[in-house]
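> Pasting in a structure now, in structure tokens, and then I'll have a few things to ask.
No value in this document is a laboratory result; all are computed from the given coordinates. In this text, all values refer to a predicted model and were calculated from it rather than measured experimentally. All Cβ positions, even for glycine, are placed from backbone atoms using ideal geometry, and neighbour counts span all protein chains on display.
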Amino acid sequence: MVCLSRPRKLGIHRRKLISGQTSIGTGYDLSNSVFSPDGRNFQVEYAVKAVENGGTAIGIRCKDGVVLAVEKIISSKLLKPGANKRIATVDRHVGIVSSGLVPDGRHFVSRARDEASSWRNIYKSPITVPALSNRLGSYVQAFTLYSSVRPFGVTSIIGGWDSEGELAVDGQVGTGPQSGAGGKVKGAKAGGPGLYMIEPSGLYWGYYGAATGKGRQAAKAELEKLDLGSETLTLVDAVKEAARIIYVAHEDSKDKDFELEMSWISSLDGPTKGKHEEVPKELLEEAEKAAKRSLEDEDEDEGPKGNANGDERMEE
């Protein structure tokens, strides 16, 4: 009788111990396929922490294209400037920038290229940005289901320009005298710029402006000021704004040098002809100079106010 009762007491004690540890993840963060009693997947949350330690990356969608930018922290003076790219071309019209673990980001890009190639082989046309985001989101989500794998330690921003060619009859529905054979909708438009962000959980959304990485909060605040939903910002202005935002986000890490990497995708009649390309060196340098001047002007504006407050205290 004594021997039977003691394991029960130990079992009750163990349950109490585990229940008190769920808030910090102990006992429930050892496997990727286990939820805690309060419905959390700690491995995914830890992957998000890995992303927050990475350099700031942003994407801006404007009326005539998309701009991608990333802050590359220089970890060694021996690194060659311009090498070790963090922005990659997936297809001619799509680019990806990632923040977090660099090897994970490279694997993610490799998978994205496989998806784009598969789409071309099957449908004989370039993959659309929403379709690519859907496939990659599902791929990332699969890494949160099994204990034999771990979640991706990156958050990726996908930007591209889809063809604006007239849609085929299939896939459209219309009624009334203005509809043609097969239900074609008069004046239906397709394509244009696309910007999506995929998180370590596999969650993805479409954005006008997206930011991730260490300085994401400051970057989001600056993006919200641009009123991107009105789609009045031009592609060249978006390049300058992206540079300024990266410099603002870097203010919290002033003691570390960084390199700004930037790419863009324009409409078919724009500077890139619908292709994903690096921003020209001259324009990038101009944007960086403007960003530095903007920060200097802000510091000068704050300086006199601080002195004035100090003078007032002295008078008191």
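> Among 146, 204, 46, which comes first, second and so on when ranked by fewest other beta-carbon atoms within 10 Å? Intermediate results must be reported in sequence, preceding the final value.
Values: 146 11, 204 21, 46 16.
Ranking 146, 204, 46 by Cβ neighbours within 10 Å, fewest first, gives 146, 46, 204.
> What FRET efficiency comes out for the pair residue 142/residue 85, r = Cβ-Cβ distance, R0 = 30 Å, nearest 0.05?
Plugging the Cβ-Cβ distance into 1/(1 + (r/R0)^6) gives 0.65.
> Also, I was wondering about something else. Rounded to whole Hz and in sequence order, give me ³J(HN,Hα) for the stretch 234-246 from the Karplus expression 6.51 cos²θ - 1.76 cosθ + 1.60, θ = phi - 60°, writing x for Gly and Pro.
Whole-Hz 3J(HN,Hα) from phi for the stretch 234-246: 8, 5, 5, 5, 5, 4, 5, 5, 4, 4, 4, 5, 4.
> Provide the per-residue ³J(HN,Hα) series for the stretch 114-126, in order, calculated from phi with Karplus coefficients 6.51, -1.76, 1.60 and θ = phi - 60°, each as a whole number of Hz, with x at glycine and proline positions.
Ordered by residue, 3J(HN,Hα) equals 4, 5, 5, 5, 4, 4, 5, 5, 7, 9, 6, 7, x Hz.
> Still on this model: Can you check what the net charge comes to around residue 62, using other residues whose Cβ is under 13 Å from the Cβ of residue 62 (Lys, Arg +1; Asp, Glu -1)? Before the final figure, lay out each step's value.
Details: positive: 61, 63, 240; negative: 64, 227, 231, 237, 241.
So the environment of residue 62 carries a net charge of -2.
> In terms of modelled amide H atoms, which long-range or inter-chain residues lie less than 5 Å from the amide H of residue 276?
The answer is 93, 94.
> On to the next question. Quick check on packing: order 105-114, 50-59 by the mean number of other C-beta atoms within 10 Å, highest mean leading.
50-59, 105-114
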